[in-house]
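Let me begin by presenting the structure, written as structure tokens, before commenting on it.
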Amino acid sequence: GTDLSYANLAGANLTGANLTDTNLTGTILWLADINGTTTTRTIFANTTCPDGTQTQQTNTGTPKRPNITQTCTPIYLPATATIQTAGPRTPTKTTN
């Protein structure tokens, strides 16, 4: 499996990706396109989902055989959707 824990994948196009055995602990998937992905044994622990909700860390297995059943629900964006993120802010001077 792949370790993508704590990655910022906001707005990423993951359509059809094979995420089998991938660790997405703490990963940000806000507005990411995860439609058609394969998520067999994928770990969604404290993951920010495409709709902005966050999964909870639940593991009923063992460290070597985790059993985390939380998943993220895909959201559907129109093909012409534009995702904008805020850039760095420049401090403004204040006068007294």
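No value in this document is a laboratory result; all are computed from the given coordinates. Keep in mind it's a predicted model, so treat the numbers as computed, not measured.
Give a residue-ordered list of calculated ³J(HN,Hα) values for segment 47-55 (Karplus: 6.51 cos²θ - 1.76 cosθ + 1.60, θ = phi - 60°; whole Hz; x for Gly, Pro). Running phi through 6.51 cos²θ - 1.76 cosθ + 1.60 with θ = phi - 60° gives 8, 7, 7, x, 8, x, 6, 10, 6 Hz.
List every residue whose amide H lies under 5 Å from the amide H of Gln54, counting only residues 5 or more places away in sequence or on a different chain, with H placed 1.01 Å from N in the peptide plane. Answer set, sorted by chain and number: Cys49.
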